[in-house]
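Only the coordinates and a few stated rules stand behind these numbers; no lab work does. Everything numeric in this text was worked out from a predicted model, so none of it was measured. Note: ideal-geometry Cβ built from the backbone for every residue, glycine included; neighbour counts use all protein chains shown.
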Amino acid sequence: MLGAKPREAEDVSAMAQWPSQRGDTDPALLCAAVAACRESMAIVEMGRLLYANDAFARMFGYHQAGEVQGRALAEFVPLDRACTRLDAGGDSQPESCGYPACEFGGTRKDGIGIWLQASCARFQAKDRNFLIITAHDISQRERRRIVRESDKRFRAIFNSAAIGMVQCTADGRVVESNPALERMLGYSKAELRGMHFRDFTHPDDVSADLDLFTETVAGKRDFYQMELRYLGKNSICGWVRLTVSLVRGPDANPEYVIGMVEDITERKRAEQQLRESQKMEVIGRLVGGVAHDFNNLLTGIMLYCDLMLAALNGKSRLRHHAEEIRLAGEHGAALIQQLLAVARQQVVEPRLLSINEAIEEMRNLLARLIGENIELHTELSNEMWLVKMDPAQVQQIILNLVLNARDAMPDGGRVTLRTRNRALPEAEADEGKAGWVEFIVTDNGCGMDAETRSHLFEPFFTTKRPGEGNGLGLATVHSIVRQGGGTIEVESEPGRGTRVIVRLPGAREKLGAPLEGGQSFSAQKGQETVLLVEDNSAVRKAGRRILTQRGYTVLEAANGAEALRICRDHADQIDLLLADLVMPGMNGREVARQIRLLRPDTRVLYTSGYHHTADTAGDHEPVLLFRKPFTGSALLKKVREVLDKPKDSNHQER
């Protein structure tokens, strides 16, 4: 600032001898005023403090000015400031920053950092160049500024965070909340403030959360995490991942807690769907294994019932017993279909059919199932559109809804079956769909509350006592209707009965002409030769007797190898191969391929107690499948239908 070589500072008393620049002003008076001034002041010559008042010394942690006088300015002001630099020439003016005030950080004698605001000016006296510096401590103001900026940044982060954030007192009451939490819970900031966290926590999860919270505010832990359910405004419910952290005060005692709340409702739903899918996969494997053997058993029972009924006259007392056995078999078949539908393991064979005709065909069965104390009433509209559904699935819909209605009226009542067409709006109409075909089942039973209705379509949910039901009825209906592109609605109130509305897509197509040979049961006769391949002896023997009684020649085989031997040894024509699709060793498809090589004109009809699409995966040849269990009349009708069908290039299979 003043030159390359600094000079020794003169005694401050010499300042009193400087000539006055303003006439008769007393220099001693000026020196006393500067010394007493509370504003920090210092005079610099050649980069050293020639003079400093007590305020300047105290600002840097010294007791009096004498402790700092004579020391280099660079000890108090950062080196990057112009006032700390010395000029090369000894008589040049010291530099100043050129600003009326500048701010910089310094260090006190005790090592504590301070923030200063200073200004400087050059002046000359006795042909010497000086720099006067005035400064004051703005550390407190700077700290307040930093706190304000920090609070502003925190507030911006707090308000724009994608996850919920909440500040609670040590007793669990909300002090602050951010918009994400407010959106999640449905409450405003004003509504949340003052609420206890248990007010928006699911009652089943409050206890665990409260225990951990109590340990945290007691200082036993610094944070905890858990997943729990929340209850928002208007009964909003969901899942959150909660992270609660303890904030301690300057004395290290717990002061308040901060909660981070992440909505994981969608993740929980996905996990639940995965668990349900895995559960249904296990159920499907179990059902698939049971269905084949159980349906074989039911088929044998039902076929022998038909043989008994054919041998008994109409007045025999045993006829009623045989009919009850057959009815029990039909119930068992319906149960297996329910299990397969819920487990999504059944093969669906949709075709055009009439809902009205399906109801009429089942009327007698339904009347016997619901009992004498319940009246069955039907209101079937004329000229109903057709639906394209699997006939067995339509029967399941009707049967399950009627049985549910029966169970809701233990003391008797009335079940009404109603059908009607509902046209589509013009904007939704297309050439393929005529509209909705509605099937409505109404009862005047006990009804259901909202909680029960919310679980109706869950597999195995039931309001019945153990042993009274399996909880598959409505789950089965729901699954079938959704697979068919339809919808189902349930209207019910306690004490006011239930109304179930099933809507299925209506089709514009019409039923084709009946096949030739579609005669009644009494006329289901034939003279063709049938090769019956069945590993279940009861089904095989009963099937052979029924076909033989109607005039067919039956060649009987218990497995594929035996069937091929018979095919090679039999000299006459074999018109139909009736083979079980799933058999140990050589399955029905392989048997059919081998026989086709020997007898290309032989028609094929497969039967199976359980068939999954994976059983024929990779096969390009379509399969004509007849599902077990079946009755004798159904067997005769199906055999006649296959034999009477015109030949085509695909050897009558489709």
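Applying a threshold of 19 Å to the alpha-carbon distances of Lys525/Lys637; Lys388/Lys637; Lys541/Lys628 flags Lys388/Lys637 as lying beyond it.
Shown for Asp137, Asp644: other C-beta atoms within 10 Å of each C-beta, ranked fewest to most, produce the order Asp644, Asp137.
A Cβ-based charge dipole, computed about the Cα centre of region 521-644 with Lys and Arg at +1 and Asp and Glu at -1, lands at about 400 debye.
Ordering Ala208, Met195, Ile258 by Cα displacement along the dipole of region 161-263 toward the positive end leaves Met195 in first place; charges were set at the Cβ atoms of Lys, Arg (+1) and Asp, Glu (-1).
Between Ile146 and Glu271, what FRET efficiency comes out of the Förster formula 1/(1 + (r/R0)^6) with R0 = 30 Å and r the beta carbon distance, rounded to 0.05?
0.10
Between Met226 and Val554, the modelled label-to-label distance comes to 6.8 nm, taking each label 7 Å out from Cα in the direction of the beta carbon. Per-residue Cβ neighbour counts within 10 Å put His320, His292 in the sequence His320, His292, beginning with the fewest.
When Lys541, Lys628 are arranged by Cβ crowding within 10 Å, least crowded first, meaning fewest neighbours, the order is Lys541, Lys628. Remark: spin-label model distance Arg173-Asn159 equals 2.5 nm, labels positioned 7 Å along the Cα→Cβ axis. Counted by Cβ distance under 15 Å from Lys268, the other residues give a net charge of -3, where Lys and Arg count +1 and Asp and Glu count -1. The label point for His377 and the one for Ser245, both projected 7 Å from the Cα toward the Cβ, are 6.8 nm apart.
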